[in-house]
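Heads up, the thing below is written out as structure tokens.
The values are calculated or read from the model by the stated rules, or taken from the named source; none is laboratory data. Just so it is clear, the structure is predicted and the values come from calculations on it, not from any experiment. Note: ideal-geometry Cβ built from the backbone for every residue, glycine included; neighbour counts use all protein chains shown.
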Amino acid sequence: MSALEQSRHLATAIPGPRSCELIARKSAAVARGVGTTMPVYAARAFGGIVEDVDGNRLIDLGSGIAVTTIGNASPKVVERAAEQLHKFTHTCFMVTPYEGYVAVAEALNRLTPGDGDKRTALFNSGSEAVENAVKIARSYTRKQAVVSFDHAYHGRTNLTMALTAKSMPYKHGFGPFAPEIYRAPLSYPFRDAEFGKELATDGELAARRAITVIDKQVGADNLAAVIIEPIQGEGGFIVPAEGFLPTLLEWCHANGVVFIADEVQTGFARTGAMFACEHEGIVPDLIVTAKGIADGMPLSAVTGRAEIMDAPHVSGLGGTYGGNPVACAAALATIETIESDGLVARAAQIETLMKDKLGRLQAEDDRIGDVRGRGAMIAVELVKPGTLEPDPELTKNLLAAAHRAGVIVLSCGTFGNVLRFLPPLAISDELLLEGLDVLELILRDL
């Protein structure tokens with residue numbers, strides 16, 4: 001696999017003939033509701049390159065939505081997962097447990113913020129882990145209400161759809177949703193500037209605004225948990241103003257409310273820290289992880305304070321596939337690779353490279369309203385020239401042209417006007433900058 005050349009190469013127009021055949025087969029065989037971003041079908045992937053079935057090599061600035069953080073088919077992950085496959089594929093941890101599950105729990109208890117006694121439970125997906133975090137918080141507090149935030153994304157199951165802010169495509173037509181879910185305003189510095197500089201830059205002030213809404217709409221006596229992404233993912237890679245998260249956490253602790261950090265997209269070195277909470281020095285009560293945890297194998301977790309995690313009764317948590325042994329082997333190899341290869345520091349280097357390049361582009365082009373993010377989780381918010389008005393059409397056209405040029409890049413944001421960059425930390429500087437150069441040329445043409 002390492003023989004996959006790390007260079008962009010267009011062997012055919014995109015999509016090529018084999019991909020076109022597969023597009024037709026998908027239409028005939030796969031449910032219409034399962035959409036795809038790229039018009040190509042992958043054949044191989046390694047490092048910062050995805051090769052399609054027609055031999056086109058694409059620069060990967062998406063990492064399968066922040067999953068293959070250490071690079072696709074990373075050697076240690078392949079080796080350890082293959083070893084486990086030869087031993088056994090499944091016994092169900094709740095029936096015949098195995099060491100891999102325990103070892104992953106030990107690693108997460110060690111790595112997540114906070115020095116106190118912690119416990120972990122493993123699941124399959126981010127949505128499933130979020131649902132279990134809410135279950136645990138409700139069991140511990142004996143309260144029911146949960147608050148999430150504007151622009152939030154927490155998943156596609158019924159409860160997590162209720163927690164998610166954006167209707168289309170995630171919620172439209174799928175209700176009714178789980179009850180006792182409430183929403184509070186987020187700190188969104190770029191857009192809060194419309195209401196004054198102080199609100200845009202003072203996270204504590206923005207948090208007080210949110211707390212006022214929570215007090216009025218819910219009341220701490222009814223509130224089991226507040227759940228928040230330390231940097232929002234689907235909502236637009238929004239980094240709250242400094243002080244927002246610590247003020248919320250302080251209020252939660254003063255009022256007997258569990259603070260849940262959803263680090264599904266931000267976890268495991270992605271933001272230039274092992275977890276995004278570390279940037280503001282906060283220690284959540286519960287932290288939800290998935291995506292980058294196992295380099296592409298399905299695994300997720302809830303980790304947190306022992307007295308909260310141990311609140312549910314025995315057998316109240318679990319699932320047939322949760323903590324699958326092959327996924328656990330991949331997770332242990334992923335964590336080892338992050339630590340041995342210095343990938344937390346590498347994410348910080350990528351941030352410097354990207355913000356330097358994109359910042360210079362922003363200075364020349366008033367359609368780039370904002371450049372934000374941390375580590376290898378960077379976003380560009382596109383607006384109509386000289387305004388704050390979102391420009392989803394420009395975003396859509398830029399993405400389509402980038403895909404035709406062999407660069408995988410994704411969009412996000414409540415208004416559909418944010419380009420998000422999630423390069424694997426294994427990508428070379430040269431490949432990363434080439435991908436950004438392609439986008440710059442396209443933006444100039446548009």
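Out of D262, D285, D310, D295, one residue alone is surrounded by fewer than 21 Cβ atoms within 10 Å (Cβ to Cβ) and touching a residue at least 12 places away in the same chain (Cβ under 8 Å). It is D310. Contact map, segment 108-120: first residue assigned by TED's automatic domain parsing to the domain that holds I287 and part of a helix (DSSP H, G or I), second residue surrounded by 11 or more Cβ atoms within 10 Å (Cβ to Cβ) and among the basic types (K, R), Cβ cut-off under 6 Å, separation 6 or more or different chains; pairs are N109/K118. Just one of the numbered conditions (1) over 30 Å from D295 (Cα atoms); (2) within 23 Å of the chain's Cα centre (by Cα); (3) touching a residue at least 24 places away in the same chain (Cβ under 8 Å) is not true of R138: (2). Among the residues of segment 251-270, those identified as among the aliphatic types (A, V, I, L, M), over 20 Å from F421 (Cβ atoms) and touching a helix residue (DSSP H, G or I) at 6+ places or on another chain (Cβ under 8 Å) are V257, V258, I260, A261. Applying the set (1) β-branched (V, I, T); (2) in contact with a Cys (Cβ under 7 Å, 6 or more places away or on another chain); (3) over 17 Å from I335 (Cα atoms) to V104 leaves exactly one unmet item: (3). For segment 401-446, taking the residues that are in a strand (DSSP E or B) and among the aliphatic types (A, V, I, L, M), the one that is farthest from D295 (Cα to Cα) is identified as V418. Taking the conditions (1) more than 30 Å from G416 (Cβ to Cβ); (2) in contact with a Lys or Arg (Cβ under 6 Å, 6 or more places away or on another chain) in turn, Q6 satisfies each one other than (2). Go through segment 218-267 and give me each residue that's outside any helix (DSSP H, G or I), more than 24 Å from the chain's Cα centre (by Cα) and of a type outside the set (A, V, I, L, M, F, W, C). Across segment 218-267, the qualifying residues are G219, N255, G256.
Being touching a Phe, Trp or Tyr at 6+ places or on another chain (Cβ under 6 Å), at pLDDT 95 or above and closer than 15 Å to A129 by Cβ is true of G322. Check whether at least one residue in segment 338-345 is buried (at least 21 other Cβ atoms within 10 Å of the Cβ), aliphatic (A, V, I, L, M) and touching a strand residue (DSSP E or B) at 6+ places or on another chain (Cβ under 8 Å), and report yes or no. The answer is no; no qualifying residue exists.
When A379 is tested against (1) buried (at least 21 other Cβ atoms within 10 Å of the Cβ); (2) assigned to a helix (DSSP H, G or I), just one condition goes unmet, and that condition is (2). Scan segment 155-179 for residues that are farther than 17 Å from V34 by Cβ, part of a loop (DSSP other than H, G, I, E, B) and either among the small types (G, A, S) or touching a Lys or Arg at 6+ places or on another chain (Cβ under 8 Å) (or both) and the total you get is 6. Being over 24 Å from I350 (Cβ atoms), touching a strand residue (DSSP E or B) at 6+ places or on another chain (Cβ under 9 Å) and at pLDDT 95 or above narrows it down to one of V264, V239, V226, so name that one. Among V264, V239, V226, only V226 is over 24 Å from I350 (Cβ atoms), touching a strand residue (DSSP E or B) at 6+ places or on another chain (Cβ under 9 Å) and at pLDDT 95 or above. Restricted to segment 41-71, and to residues there that are without any contact (Cβ under 8 Å) to a residue 40 or more places away in the chain and in contact with a Ser or Thr (Cβ under 7 Å, 6 or more places away or on another chain), the residue that is surrounded by the most Cβ atoms within 10 Å (Cβ to Cβ) is D52. Residues in segment 119-142 that are surrounded by fewer than 21 Cβ atoms within 10 Å (Cβ to Cβ) and either out of contact with any strand residue (DSSP E or B) (no Cβ under 7 Å at 6 or more places or on another chain) or among the basic types (K, R) (or both): R119, K135, R138, S139, R142. Filter segment 21-40 for residues that are surrounded by fewer than 23 Cβ atoms within 10 Å (Cβ to Cβ) and among the hydrophobic types (A, V, I, L, M, F, W, C) and give the result. Passing the criteria: L22, I23, A24, A28, A29, V30, A31, V34, M38. Taking each residue of segment 353-365 that is polar (S, T, N, Q) and looking for partners that are in a helix (DSSP H, G or I) with beta-carbon atoms closer than 8 Å, six or more apart or interchain, yields nothing.
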